[in-house]
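Below is one structure; the comments refer to it alone.
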Amino acid sequence: MKMSQLFVQTLREFPSDAEVMSHKLLVRAGFIRKLASGIYNYLPLMWRVLRKVETIVREEMDGAGAQELLMPFVQPEELWRESGRWDVYGKELMRLKDRHDRGMCLGPTHEEVITFIAREGIKSYKQLPVNLYQIQSKFRDEIRPRFGLLRGREFIMKDAYSFDSTQEGLEKVYKVMADAYTRVFDRCGLETKSVQSDSGAIGGAVSHEYMVLIDDTENNAGEDNVFFCKKCDYAANSNHATSILPEAVLDGGFSECKLTDTPNTFTVEEVAGFLNVPTTVICKSMIYIVDKKPVMALIRGDKQFEETKVMNALIANGFGSINEIRSAAPAELEEIFGAGKGFIGPKNLCHSEHSEESPAKPVKIEVIADLTTKEMKNFVIGGNENDKHYVGVNWGADVPEPKFADIRLAEAEKGELCPVCNEPLYLTKGIEVGNIFQLGTKYSEKMNAVFTDEEGKERPFIMGCYGIGISRTASAAVERHHDEWGIKWPIAIAPYHAIVVPVNVSDGKQSQIANEIYSKLLAKGVEVVIDDRDERAGVKFKDADLIGFPFRITAGKTVDEGLVEFKTRETGEVEKISPDEAVEKVFKALGK
RNA sequence: CGGGAUGUAGCGCAGCUUGGUAGCGCACCUCGCUUGGGACGAGGGGGUCGCACGUUCAAAUCGUGUCAUCCCGACCA
């Protein structure tokens, strides 16, 4: 490809609306252009990168025994009603009407459609297992698209779905897919960590996310918090991570349960200071409004809540499905408890009946307590009266024992330890480029997708689903591989392998040598660009660095001595070698 | 949806406070010159100042509304 004909416009400055480096560089280097918020054009260079990522994914998926297909991007409402997600999915699901006023949606994921396909096509256990995948644009009307391709509304995803007759079968595929995932990202030049995660709205029991770790506090492209252990392979998303806590004082030492004045103590630290006790004997209360109903969550004073865990604990305790969870506003606290932030507690909650005369008195409110509160004794809670706390509280005796669950946010900086091997736990940022779920029968049951087993009985498919963000993976690669001059594409996904630069196109010798090198590379299938533009050397070098060609061969003044310059983008290493040696070096790097 | 900010040429910005000919750098076109890290000179093209309404003799500038974009919190590949 001649640079003069390549459809690319590099910019001299970063776009003003970009925040993270991958977004800035992809726009500036002419890979993408925004069409609307979270919606991008993939220009020719980007498309080459995306196709390379896709090819790697295809090879690994096919190798893992999955078969490629393509499902519709527009899907009918009725299918989503079958799974129950039409009402649950929320505004991320882009809904529309066709000319006959029938409800449709743009596919944010394809569990419904694939389940439809499976129930039509798979009737017998003899046809199982089956693993199907597609690579396609998805649309999710994100609340807040940002960071360019990292969180777009339209994005390219590989989604695979497995069908098995047994849980063992599912676990087997899951393992095979996990291995394939590691290879995919490895081949893309990305180091990833497999972390345990919350299964979220898609449902299911076991799930792992593949994270590209971003160990750089300046860089906020890593939207997820990942806890990991350096000794064993424990790693978990913060919405799922747990930890072993250091020893702490759990007995408040109060001799009796008593309502005590604690004026102007709005925070746990202030209460602890006033009462002269450690924060670990204070039981912190938090009110969440869950689908308009207030719920009380309790945790040890020095710890924080993890909302996803709170939500899961509520669901596990029979709360049904939850659409919205948020912390209560101060005004709501006053209205419900007659007390403000800092003075709410679990005492006298379920005992009094609601009455019209005193609507401020709480009625039966769900209480969920973190495991850290279970062993606490003679502890402190809010008095449900401003400027008052109860001290010397014990479960059972003073407050009915609540339901206990792990709803705590792990905190590595507080000396917490790995739950597996007791070694220090670390926290880092990560970009989630893929995930794998053991779905079970969630969709097959709801959508009546069944097969006949060996005993002639109908049973729902046991499903798994496996996603890779193709466009996000490419973007994460830029996030990990760049410097102040531009992108440093890993060879496997670079849009082109090399660029040949005749410094001065009006110099016959330089042009001739450059063209010879170009032809030799092309002849062996190297993806190469020749910068035939009548530009000054600086312009060409800047563009080459910005776009991120892994190799640059420059034919300049040294051609008179029979030498060209060979530059490796990744290392910045520069060598003066003969044209043939330069060509050979590229062949070698590409295994040709 | 809540909080903050910004909309002026393809990109990056000034002008707005104090209303009166729409500007600068880069990019683009022509000519010259130059050719190893985003040269230089001369000439040129390109803008309903996001949109609407209002105030005014007169609005990029003041007011109201609206839309879009970005950032901080709840979604997820």
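The values are calculated or read from the model by the stated rules, or taken from the named source; none is laboratory data. All of these numbers come straight from a predicted model, not from anything done at the bench. Note that we place each Cβ from the backbone using ideal geometry, even for glycine, and neighbour counts take in every protein chain shown.
Tabulated values for the structure
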read-out: Odd one out for A:Ile282 among (1) in contact with a helix residue (DSSP H, G or I) (Cβ under 9 Å, 6 or more places away or on another chain); (2) surrounded by fewer than 21 Cβ atoms within 10 Å (Cβ to Cβ); (3) modelled with pLDDT of 85 or more; value: (2)
read-out: All positions within segment A:546-577 that are in a loop (DSSP other than H, G, I, E, B) and surrounded by fewer than 14 Cβ atoms within 10 Å (Cβ to Cβ); value: A:Gly562, A:Thr571, A:Gly572, A:Glu573
read-out: Filter result for the condition that a residue is more than 22 Å from the chain's Cα centre (by Cα) and either near RNA strand B (Cβ under 9 Å from one of its atoms) or over 22 Å from A:Val57 (Cβ atoms) (or both), over A:Phe147, A:Phe116; value: A:Phe116
read-out: Filter result (under 22 Å from the mean Cα position of the chain (by Cα) and assigned to a strand (DSSP E or B)) within segment A:402-420; value: A:Arg408
read-out: Any chance A:Glu353 is within 11 Å of RNA strand B (Cβ to nearest atom), surrounded by fewer than 12 Cβ atoms within 10 Å (Cβ to Cβ) and either among the hydroxyl-bearing types (Ser, Thr, Tyr) or at pLDDT below 75 (or both); value: no
read-out: Any strands (runs of 3 or more DSSP E) falling wholly within segment A:12-80 and containing at least 1 residues that are buried (at least 19 other Cβ atoms within 10 Å of the Cβ) and without any contact (Cβ under 8 Å) to a residue 60 or more places away in the chain; value: A:74-76
read-out: Qualifying residue in segment A:270-278 (condition: surrounded by fewer than 19 Cβ atoms within 10 Å (Cβ to Cβ) and part of a loop (DSSP other than H, G, I, E, B)); value: yes
read-out: Enumeration of residues in segment A:176-209 that are part of a helix (DSSP H, G or I), in contact with a Phe, Trp or Tyr (Cβ under 8 Å, 6 or more places away or on another chain) and at pLDDT below 95; value: A:Ala201, A:Ile202
read-out: Checking A:Thr452 against (1) surrounded by fewer than 24 Cβ atoms within 10 Å (Cβ to Cβ); (2) within 13 Å of RNA strand B (Cβ to nearest atom), the condition it does not meet; value: (2)
read-out: Among (1) modelled with pLDDT of 95 or more; (2) away from RNA strand B (no atom under 16 Å from the Cβ); (3) of a type outside the set (Phe, Trp, Tyr) - the single one A:Lys592 does not satisfy; value: (1)
read-out: First in segment A:486-503 and farther than 26 Å from A:Val57 by Cβ, second anywhere and of a type outside the set (Asp, Glu) and in a loop (DSSP other than H, G, I, E, B), Cβ under 9 Å, 6 or more apart; value: A:Ile499/A:Met3; A:Ile499/A:Phe549; A:Val501/A:Met3; A:Val501/A:Gly556; A:Pro502/A:Gly556; A:Val503/A:Arg536; A:Val503/A:Gly556
read-out: Criterion: more than 8 Å from RNA strand B (Cβ to nearest atom), farther than 29 Å from A:Arg536 by Cα and not charged (D, E, K, R) - qualifying residue of A:Val57, A:Val20; value: A:Val57
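Residues are listed down the side, and each one gets a yes or a no for (1) in a loop (DSSP other than H, G, I, E, B); (2) away from RNA strand B (no atom under 12 Å from the Cβ); (3) hydroxyl-bearing (Ser, Thr, Tyr):
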{"position": "A:Cys465", "(1), (2), (3)": "no, no, no"}
{"position": "A:Ser471", "(1), (2), (3)": "no, no, yes"}
{"position": "A:Ala476", "(1), (2), (3)": "no, no, no"}
{"position": "A:Glu479", "(1), (2), (3)": "no, yes, no"}
{"position": "A:Pro495", "(1), (2), (3)": "yes, yes, no"}
{"position": "A:Ile499", "(1), (2), (3)": "no, no, no"}
